[in-house]
Amino acid sequence: MNNAAHTLIIDTPPDTLDSVHELLRIIWEKSPDVSAEDQIRFETALIELASNIFRHADDGGGISCLLSVEISADKIEANLRDTGQPGDIQLTGVEMPDAYSESGRGIALINALVDEFIYAREGEQNVWRILRKRTQ
């Protein structure tokens, strides 16, 4: 398989998670060799990440995001840069909250679904990376 890269610019509002779902639909159509398990796990992680960014990093003025997704023979990777507020974010050692908690599952869920999950603040942007090694 040749590497395939796809890019999406998201301005929220008015854009929503639907634009991310649509990009992934196109990607999966063009990459039929990606297993259903890899698709589901990667898509769930990416949608959870984007949802958390839209919900928690917007100070009321909206957010611009640049999302790139790349598929190669051995991995699926997403890089996302956003203009949202910086967060005090801990990615490692995060556990699922108890069954009665109404929030707090996002980072733990993403960690469970992908092999790498990285966050950094670069200048005025949040930079995120998720990577899932493909099953063979």
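The values are calculated or read from the model by the stated rules, or taken from the named source; none is laboratory data. Every value quoted in this text rests on a predicted model; they were computed, and no experiment measured them. Cβ placement follows ideal geometry from the backbone for every residue including glycine, while neighbour counts extend to all protein chains displayed.
Annotations for the structure displayed:
- Candidate set: the range 43-77, residues that are of a type in the set (Asp, Glu), out of contact with any strand residue (DSSP E or B) (no Cβ under 8 Å at 6 or more places or on another chain) and at pLDDT below 95; chosen: the one farthest from Val20 (Cα to Cα): Asp59
- Scan the range 116-132 for residues that are surrounded by 13 or more Cβ atoms within 10 Å (Cβ to Cβ) and either over 12 Å from the mean Cα position of the chain (by Cα) or not charged (D, E, K, R) (or both) and the total you get is 8.
- Within the range 5-27, being assigned to a loop (DSSP other than H, G, I, E, B) and either touching a residue at least 40 places away in the same chain (Cβ under 8 Å) or touching a Pro at 6+ places or on another chain (Cβ under 9 Å) (or both) holds for one residue alone: Pro13.
- So Ser31, is it within 14 Å of Glu77 (Cβ to Cβ), among the polar types (S, T, N, Q) and surrounded by 12 or more Cβ atoms within 10 Å (Cβ to Cβ): yes
- Cβ pairs under 8 Å, 6+ apart, first in the range 118-136 and within 13 Å of Cys65 (Cβ to Cβ), second surrounded by 13 or more Cβ atoms within 10 Å (Cβ to Cβ) and charged (D, E, K, R): Gln125/Arg81; Gln125/Asp82; Asn126/Arg81; Asn126/Asp82; Val127/Arg81; Trp128/Arg81; Trp128/Asp82
- Subset of the range 29-38 [touching a residue at least 12 places away in the same chain (Cβ under 8 Å) and in a helix (DSSP H, G or I)]: Lys30, Glu37, Asp38
- Residues in the range 1-12 that are within 14 Å of Ala50 (Cβ to Cβ) and surrounded by fewer than 12 Cβ atoms within 10 Å (Cβ to Cβ): Ile9 only.
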